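Down below is the structure, laid out as structure tokens.
The values are calculated or read from the model by the stated rules, or taken from the named source; none is laboratory data. Just so we're clear, the structure is a prediction, and the values are computed from it rather than from any experiment. Positions of Cβ are backbone-derived with ideal geometry, glycine not excepted, and every protein chain shown enters the neighbour counts. Side chains included, ligands, DNA and RNA excluded: accessible areas come from the protein's heavy atoms. Shrake-Rupley method; radii C 1.70, N 1.55, O 1.52, S 1.80 Å.
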Amino acid sequence: MAACSPASDSKAINVLREFYESYIRESSKFPVDSERIASLKKVHCTSRFLQTLNDAELDADPFLNAQDVDAKWADNLEIAPDDSGKNLYRVCYTSSVDNPKNCVIVTMIEEDENWKIDKVVY
């Protein structure tokens, strides 16, 4: 696992932005294209994290901490390094005009020269 530097922070943030924008837009469609969602996860998540998700009983979307998804969230994403540790990033979006930001903390690791999501916590 690589420690983050400004250059690697930029790469990890770009990967997160690419994933979250695509994931939110795909997840907000009706009907949801489950194969497209699975493909996005496979490209952007570690196999260990995907197995954890497959084994979990989830009440909400693990990437967004939400039950419903609105495509507008992809337009107001804020992604930045989190001060609480190495390789941690805060991903936030505003779910509606009346609600405060909804944030998750994402752990990124470098795997095969690519940054991938390894954990998401609320």
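Reported count of residues in segment 42-52, each being open to solvent by less than 90 Å² (accessible area, probe 1.4 Å) and over 13 Å from the mean Cα position of the chain (by Cα), is 2. Here segment 6-22 is the region considered, the condition is being open to solvent by less than 50 Å² (accessible area, probe 1.4 Å) and closer than 15 Å to residue 89 by Cβ, and the residue that is modelled with the lowest pLDDT is 8. Return yes or no: is residue 32 under 15 Å from the mean Cα position of the chain (by Cα), without any contact (Cβ under 8 Å) to a residue 40 or more places away in the chain and either open to solvent by 80 Å² or more (accessible area, probe 1.4 Å) or more than 18 Å from residue 16 (Cα to Cα) (or both)? It is false that residue 32 is under 15 Å from the mean Cα position of the chain (by Cα), without any contact (Cβ under 8 Å) to a residue 40 or more places away in the chain and either open to solvent by 80 Å² or more (accessible area, probe 1.4 Å) or more than 18 Å from residue 16 (Cα to Cα) (or both).
The C-beta contact set for segment 69-93 (first residue farther than 22 Å from residue 116 by Cβ, second residue open to solvent by 20 Å² or more (accessible area, probe 1.4 Å) and assigned to a strand (DSSP E or B), distance under 8 angstrom, 6+ apart or interchain) comprises 76/94. For residue 39, the criteria (1) open to solvent by 30 Å² or more (accessible area, probe 1.4 Å); (2) under 19 Å from residue 93 (Cβ atoms); (3) of a type in the set (Ser, Thr, Tyr) hold in every case but one, which is (2). Would you confirm, using the coordinates I've provided, whether residue 102 is within 16 Å of residue 121 (Cβ to Cβ), touching a residue at least 40 places away in the same chain (Cβ under 8 Å) and open to solvent by 20 Å² or more (accessible area, probe 1.4 Å)? No, not satisfied.
Could you list all residues from segment 53-69 that are open to solvent by less than 50 Å² (accessible area, probe 1.4 Å), within 16 Å of residue 107 (Cα to Cα) and not aromatic (Phe, Trp, Tyr)?
Matches in segment 53-69: 53, 62, 64.
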